[in-house]
Amino acid sequence: MNISKTIQIEDIQARPGEKKIGYLKIGETPLSDITLPIGIVNGLEQGPTLCIIAGSHACEYAGIDAAIRIFRQTNPKELKGSLIIVPVVNTPGFQTRTPYVNPIDNLNISFIFPGDEKGSISHRIAHILLKKVVSKANYLLNLHGGDLPELLTPFTIIEESGRDDIDAISEKLARMFNVKYILKLKSDRPTLEREAGKLGIPAVVSEAGSLGTFDETDIKVHVTGTINVMKHLKMLNDTPNVTVEPEVIIDGYKINATKGGLFYPKVKAGKTVLDGEVLGEIKDIKGDLVERIVALKGGVVLYMFFRHVVNTGDPLFSIGIIER
Ligand SMILES: [Zn+2]
């Protein structure tokens, strides 16, 4: 047996066979430190390092619960390699139950990578997460879900990194989640996954969970997907249990309200819709129909904004177009 090495992130240290949790300091408020919780499960035997993060969007609880559960249930004596787990990235938003952004600087941490060590708190979280945590790993899983107003059908996302070999591995990992859809993005969004790809670290975003809930079904999507990834990477004995052949989504579009009023959706997330199909209606305060929302092209409702009151320009639906 090849014994693994001690893993050290600042003053958090886990020797082979140990499980540790600690806190990385990000900055300060007038009254307290702002920290990032870091769990390390260091397997006895050598193997890859898998980084699992959640709570970049702090109300996406299914992913947060899954990360906590994976930390608790993984036995370092049975693990080859190591897990580095950050159950909550946006810690200020977590404490205040704030959707999408960090309430300290109102930034969405998911879209400001690589961050800035001299910037505001969100920029510092992004910088420290990338430089001190993710860069130590060989693979990255970023657990997300529908944020507070979002109803979502489970899917995974992989972003083109500019390296075909890395993207192919990311897609293999994404296929371990047993969800019906993989979204392949060609965007140049400033995400952690793109930065990881540049470092040669394959990365997957898993999306499961809706509306601030923490349903067992959604938590299990993240947990079983992650365990399948660990089995696929030979970090655990046993072969992955892959039961779903996902459809690939290569394009999509969003539908926003053009009128204000009360929104009455006619479909739920996960519904396959046809070109021109009515997805919902907006009625004014008198109850008169002011806008009929129709699909501009056939596809699947990946997620929708389940808010009854809408203003002009508010997002309503995100539709994925399936590769045929
Ligand atoms: Zn999210």
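Worth a mention:
- Qualifying GluC sites (Glu not before Pro) for the range 269-324 [loop in DSSP, other Cβ within 10 Å: at most 11]: Glu323
- Straight Cα distances below 23 angstrom link Lys286 to the lysines Lys259, Lys266, with same-chain residues fewer than 8 positions distant left out.
- Gained length - Lys198 relative to Arg324, 0.36 nm times residue gap less alpha-carbon distance: 42.4 nm
- log10 of Debye I(q)/I(0), alpha-carbon scatterers only, for the range 252-322 at 0.21 Å⁻¹: -0.79
- Sites Thr6 and Lys254, calculated FRET efficiency, Cβ-Cβ separation with R0 45 Å, nearest 0.05: 0.45
- Rounded to two decimals, the Cα-based Rg/Rh of the range 127-251, with Kirkwood Rh, is 0.95.
- In degrees, nearest ten, helix 61-73 long axis to first principal axis of the chain (Cα): 20
- The chain - mean residue ellipticity at 222 nm from DSSP helices (-39,500 (n - 2.57) per run, n ≥ 4, rounded to 500): -5500 deg cm²/dmol
- For the chain, accessible area per residue (1.4 Å probe, heavy atoms of protein chains only), Å²: 45
- Separation of the range 168-185 and the range 72-91, taken as the distance between their Cα centroids, equals 21 angstrom.
- Efficiency of FRET between Lys77 and Val244 - r from beta-carbon atoms, R0 45 angstrom, step 0.05: 0.90
- Over 20 Å apart at the Cα level, from the set Lys77/Lys131; Lys80/Lys136; Lys19/Lys132; Lys136/Lys186; Lys5/Lys80, are Lys77/Lys131; Lys136/Lys186.
- Accessible surface of the chain [probe 1.4 Å, protein heavy atoms]: carbon and sulfur percent: 51
- Estimated FRET transfer efficiency when R0 is 41 angstrom, pair Thr35-Thr272 (beta carbons, to 0.05): 0.40
- Solvent-accessible surface (1.4 Å probe) assigned to Leu262 amounts to roughly 40 Å².
- Per the Kirkwood formula applied to alpha carbons, the range 172-324 shows a radius of gyration over Rh ratio, Rg over Rh, of 1.05.
- If you wrap the Cα atoms of the chain in a convex hull and average its projected area over all directions, you get 17.3 nm².
- Between Lys118 and Thr96, the simple spin-label model (points 7 angstrom out along Cα→Cβ) gives 2.6 nm.
- The range 7-232: relative contact order as a whole-number percent, Cα under 8 Å and 6+ apart: 21
- Computed over the range 252-322: relative contact order in percent, which uses C-alpha pairs under 8 Å that are six or more apart: 43
- For the range 244-271, the residues whose backbone nitrogen is under 19 Å from a point 7 Å from the Cα of Leu289, taken along Cα to Cβ, are 256-268.
The values are calculated or read from the model by the stated rules, or taken from the named source; none is laboratory data. Quantities reported herein were computed from a predicted structural model and do not represent experimental measurements. Reconstructed Cβ throughout: ideal geometry from the backbone, glycine too, with neighbour counts over all protein chains shown. Quick note on the areas: whole protein, heavy atoms, side chains included, nothing else; ligands and nucleic acids left out. Shrake-Rupley method; radii C 1.70, N 1.55, O 1.52, S 1.80 Å.
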